[in-house]
Each structure stands twice: as C-alpha cells, then as structure tokens.
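Structure record follows, encoded as structure tokens.
The values are calculated or read from the model by the stated rules, or taken from the named source; none is laboratory data. Because the structure is predicted, anything quoted here is derived from the model rather than measured. FYI the Cβ positions are ideal-geometry reconstructions off the backbone, even for glycines, and counts take in every protein chain you see. Protein only, heavy atoms only, side chains kept; ligands, DNA and RNA dropped before computing areas. Shrake-Rupley method; radii C 1.70, N 1.55, O 1.52, S 1.80 Å.
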Amino acid sequence: MTQVNHEEIDPCRILSFEEPGFLGENFNSDIVGITRNITQQRLYSAYMQGIFPWFSEDDGEPVVWYSPSPRFCIPVENFHVPKSIEKFLKHTPFTYTMDKDFPAVIENCRAMKRVGQRGTWIGRKMLDAYIDFFHNGFAHSVEVWHDEKLVGGFYGVLIGSVFCGESMFTLESNSSKSAFVLFAKKFIECGGKLIDSQVYTENIARYGAKNISRDAFLHLEKQYLSKPLDADIVAVFNS
C-alpha cells in the first residue's frame, strides 16, 4: 500500500533551482535541478516556478527537474473542442467525477503502455509524491466510469488559475479525451486562465495548445499562479 507522509507545505517558502543549462553543453539545457528525493516543499516550489520532475526511476536515474523551452500550453482563449468530441459528449455512456479516486488514476497512468516508451516514468517516488500532493490539495484527478468501472482519466496540478496536466490513461475509446474537454470547460467557467501540457503531444495539440518560449510561459504563470479560481472547481465539476 502507498505510504503517504502528509508533509506540510509552507506557501511562503519557495526553494530555488539552478539556471537552465547549468550542467553544460553536453546535457539537456532544460534541466534546472537534480535531487535524490521529491519533498512536498520542493514539488510545490517547482510548480511555482514552471518546473516539474521527469525521470526514469526504473533506470536508476535521480530526480531530474525540468523547465523546458519551448513550452506547450493552452491559453484558455485558444481552447478548441474537436467536433468529434463535442458530438460524442452529447451521447456519452460515461460518468465523470473529480477527485473521487486519485490513487487509482495515477496507478492506471503508471500502468498505461505507450508507443515508443519502455517502462514508465511514474515510479514509486513520483507516485508517493503526487498522492501526497493530492492530500495537500494541489494535485487533482478526473475519473471516467462505465458501469461503475474506471475506464479512463487524468491527473495534474492546480495552483491559482493554472492547471498543469501530468498524465492520462484510456481503457475505453474517448474516455480521457471527453474527460479532458469537460474539465477544461469547467476550468474556464471557474476562471481558469492557462492549461500547461509541458511538452508537445499530438493529442493536446488538437485542443488549441501551442509552443511558446520559456520566458513567455513564465510571464503568464507569474500573472496567474497567484490568482485563485472564482469557484471551487471540484464542487462545480461534481455537481
């Protein structure tokens, strides 16, 4: 069973990271830090600075922290719903919830087989850290149910009016796609401003995401991380 530490977070204490490229020209210039573990304070500090952990625990890598450029994101004014998903949602067989079973969602994301990817980047350290982040109120999940079985969903981090998507899984066609659209609509309805997808994916591109520079992304984050949503999105989504 996953152990949850419930480590306290001080929102006034932001831990520092290195500058991009600090490792030198022989390493990925998007790396801004390397640590042994993922503490809650460092995880919170990372998201407050446009940084996230991404590494392969299965391969014995340490915790690697990234601030990529370009950054792939959806300013809400660019959000677009594909006609196929709009049509599907009118007759969806699924039930959608938010924050009903975060551990099950991240476990399914961890187990999801992905083309061209060996193993998973969601190791035990990531699993424990984000479940704890969920209990601290910053990580959230969206679940898709069919006949009371979990068939899709995704999780991410919500701070202020910025949502950072982390991973999704699909066991039945259109489950996670339709869930993402429903969430994005509620997020915008509640005053959300920016959806961060970190790096390019063909799936998120169809919703209006675009590459912008690191500096442009950090400028947007600076505006929106301190701006809370106008309503409780969990309550709105589950109503």
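The condition (being among the aliphatic types (A, V, I, L, M) and either closer than 21 Å to GLY153 by Cβ or in contact with a Pro (Cβ under 7 Å, 6 or more places away or on another chain) (or both)) is satisfied by just one residue among LEU225, LEU218, LEU229: LEU229. Looking at SER67, SER84, just one residue is open to solvent by 30 Å² or more (accessible area, probe 1.4 Å), under 26 Å from ASN211 (Cβ atoms) and at pLDDT 95 or above, and that residue is SER84. The combined condition, being under 23 Å from VAL105 (Cα atoms) and either at pLDDT 95 or above or open to solvent by 50 Å² or more (accessible area, probe 1.4 Å) (or both), is fulfilled by TYR200.
One residue is enough: does region 95-111 have a residue meeting the conditions touching a Lys or Arg at 6+ places or on another chain (Cβ under 8 Å) and not hydrophobic (A, V, I, L, M, F, W, C)? Checked against the condition, which is being touching a Lys or Arg at 6+ places or on another chain (Cβ under 8 Å) and not hydrophobic (A, V, I, L, M, F, W, C), region 95-111 yields no hits at all.
Is one or more of the residues making up region 215-226 within 26 Å of MET112 (Cα to Cα), charged (D, E, K, R) and touching a residue at least 12 places away in the same chain (Cβ under 8 Å)? First the steps, then the outcome.
Restricting attention to region 215-226, the residues satisfying the condition of being within 26 Å of MET112 (Cα to Cα) are none.
No, the conditions are met nowhere in region 215-226.
Residues that are free of Cβ contacts under 8 Å to residues at least 24 places away in the same chain and in a loop (DSSP other than H, G, I, E, B) were ranked within region 128-156; the one that is farthest from the chain's Cα centre (by Cα) is ASP147. When residues in region 24-49 are screened for being open to solvent by 60 Å² or more (accessible area, probe 1.4 Å) and out of contact with any Asp or Glu (no Cβ under 9 Å at 6 or more places or on another chain), 7 of them pass.
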